[in-house]
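Working notes for the structure below.
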Amino acid sequence: MEHSKLEMKDSNAMEVIHRYYDLRQYIRDISPDVLIADGDINALRLALRWKIPSVYIANVIRPSYGFSSLLSPGERFIEQYVKKSSKIVIPDNPPPYTISGYNIGDLDKAGFDGKIEYVGAFVNTEYQEGSEEHIFAPISGPIGTRSKLIKTILPVLEKANKKAIISLGIPGKRASAK
């Protein structure tokens, strides 16, 4: 639209290949001592290839779809690079208070021995003085994460004996519960 012509989008595979070669040039020029990737598997692959220590930051590691590993070969392919990271940082609370547990999956079966570190949220959660008239809880993310958070937060808010508004985070709908 910007150039008044129709262009075909590259396939996802071609975009990944282009991203890999672009990233390879940048990493080669910089020559880092450590590589920190927040979901970029190309970066982890290059770190492994060039023996650069890597840290992987993500709260999606091994989604718990309940399928056989034979039905999700891409997931296991990516996991080989994640396993080779020096450290895996998860911006979430440690179990049993993990909100994104559905997206993290069963890490005991995955074999990430001693590499996982839960660091809590990347936001300031210090107490702030307020009017204390009501509580607002926005819920978002994939359906598994949303349902886990709703099941966790509803009992807490029921006991709080305060007015609470929960935004249910259903895409395209204006739904809330009071």
List the residues whose amide H sits under 5 Å from the amide H of Ile99, counting only those 5 or more places along or on another chain, with H placed 1.01 Å from N in the peptide plane. Asn93
Assertion target for Tyr20, Tyr26, ordered by fewest C-beta neighbours within 10 angstrom first, is Tyr26, Tyr20
For Lys5 and Arg28 in one chain, what is 0.36 nm times their gap in residues minus the Cα-Cα distance, to one decimal in nm? 4.7 nm
Taking amide H atoms as placed 1.01 Å from N in the peptide plane, list the residues 5 or more away in sequence, or in a different chain, whose amide H sits under 5 Å from that of Tyr118. Ile90
Taking the Cα-to-Cβ direction at Val16 and at Phe136 and moving 7 Å from each Cα, how far apart do the two end points lie in nm? 4.0
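Only the coordinates and a few stated rules stand behind these numbers; no lab work does. Note that this is a predicted model, so its numbers are computed, not measured. A quick note on method: Cβ atoms are made from the backbone with ideal geometry, for glycine too, and the neighbour counts reach across all protein chains shown.
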